[in-house]
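Visitor: Here you go, one structure.
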Amino acid sequence: MTELEKQFAVNYYRWAQREFQREVENDFPLLSRLRCRFSLRVYEFMLSLPPDQRRIFALARVKHSNPEATEVCGELITETEREMLRAYQNKSVVEYPAVGAVHYGGPSKREQEIEGAIRKKELRAQHSNKAFRATVLARVTQGLRGTPEVDQLEGIKHVAQADDWTITTSIGLKGKFPMRYTQYLKAREGLSLETSFHRWMGIMGDTYWDLLTTDATEEATEQLVSLCARFISEGPRLLPEVLR
């Protein structure tokens, strides 16, 4: 890695740490409400931990997703953090000194409630139909500066740029999930980054809403726009100063 790449990686790593800590300190406003089974599983798992250990698990997830930055900073994953990650990954009862036994047995309760309500027809799953795509496009157009484009697969592409950087937001509205997004930051000197809420939380790559129901469409769309706008605003600040 070049010095600029190292600085960029560390800036993103520190920012991701702060973002996850904000989630913890504010009682998980996104993890608890985002209609994705993996967000809800991480949220439920964290609730199973003593309050003073939730911060450790949050930092462990961010470390796990940013190995190059942790190496540069000399902040490698500790054995306690590694055991927490195993506990979540294995979804089993795991003993470790700092926490004791952590019970995590599969799908979250909220996940099961939503899927059960869909089976009973108490809730309706949101599918990516023409009306849904039009609603998302209208809200994205209103919430993000510039004019987004609709691609051949009826997804949405939005580009924000300055002289030294470009952030491309890609929103998928077809396929297995009714809505998903990821963002790409590119700058001079070959610097690039692919990210989304799930990625900066160390959960997975794209952020998607696979448990979306019609009653939650408006809230989900607001979450999407808010998350995209947040990184468009804050992403350029993560670049090394000479490239801003």
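Visitor: Quick check: anything in region 9-16 in contact with a strand residue (DSSP E or B) (Cβ under 9 Å, 6 or more places away or on another chain), surrounded by 15 or more Cβ atoms within 10 Å (Cβ to Cβ), within 23 Å of residue 109 (Cβ to Cβ) and aromatic (Phe, Trp, Tyr)?
Guide: Among the residues of region 9-16, not one is in contact with a strand residue (DSSP E or B) (Cβ under 9 Å, 6 or more places away or on another chain), surrounded by 15 or more Cβ atoms within 10 Å (Cβ to Cβ), within 23 Å of residue 109 (Cβ to Cβ) and aromatic (Phe, Trp, Tyr), which makes the answer no.
Visitor: A further question on this structure: So, of the residues in region 167-184 that are modelled with pLDDT of 95 or more and over 14 Å from residue 207 (Cβ atoms), which turns out to be surrounded by the fewest Cβ atoms within 10 Å (Cβ to Cβ)?
Guide: Only one residue tops the list, namely 168.
Visitor: Out of the residues in region 150-177 meeting the condition of being part of a loop (DSSP other than H, G, I, E, B) and of a type in the set (A, V, I, L, M, F, W, C), tell me which one is farthest from residue 211 (Cα to Cα).
Guide: 162
Visitor: Looking for something surrounded by 12 or more Cβ atoms within 10 Å (Cβ to Cβ) and in contact with a strand residue (DSSP E or B) (Cβ under 7 Å, 6 or more places away or on another chain) - is there at least one such residue anywhere in region 127-135?
Guide: For region 127-135, residues surrounded by 12 or more Cβ atoms within 10 Å (Cβ to Cβ) and in contact with a strand residue (DSSP E or B) (Cβ under 7 Å, 6 or more places away or on another chain): absent.
Visitor: Please give the number of the condition residue 187 fails out of (1) in contact with a Leu (Cβ under 6 Å, 6 or more places away or on another chain); (2) at pLDDT 95 or above.
Guide: The number of the failed condition is (2).
Visitor: Name the residue that is farthest from residue 107 (Cα to Cα), counting only residues in region 17-38 that are without any contact (Cβ under 8 Å) to a residue 24 or more places away in the chain and basic (Lys, Arg).
Guide: Only one residue tops the list, namely 18.
Visitor: Inside region 1-98, counting only helices (runs of 4 or more DSSP H) that do not spill past its ends, which hold 3 or more residues that are within 14 Å of the chain's Cα centre (by Cα) and either under 19 Å from residue 195 (Cβ atoms) or hydroxyl-bearing (Ser, Thr, Tyr) (or both)?
Guide: So the answer is 3-25, 37-47, 51-65.
Visitor: Going by the conditions given, is residue 169 touching a residue at least 40 places away in the same chain (Cβ under 8 Å), β-branched (Val, Ile, Thr) and over 26 Å from residue 62 (Cβ atoms)?
Guide: So residue 169 fails the test.
Visitor: Applying the selection to region 207-231, what residues are under 13 Å from the mean Cα position of the chain (by Cα) and surrounded by fewer than 18 Cβ atoms within 10 Å (Cβ to Cβ)?
Guide: 226, 230
Visitor: Separate question: Which of the residues that make up region 110-127 are of a type outside the set (Gly, Ala, Ser), closer than 15 Å to residue 34 by Cα and not in a helix (DSSP H, G or I)?
Guide: Passing the criteria: only 126.
The values are calculated or read from the model by the stated rules, or taken from the named source; none is laboratory data. No experiment lies behind these values; they were computed from the predicted model shown. So basically every Cβ, Gly included, is an ideal-geometry build from the backbone, and we count neighbours across all protein chains shown.
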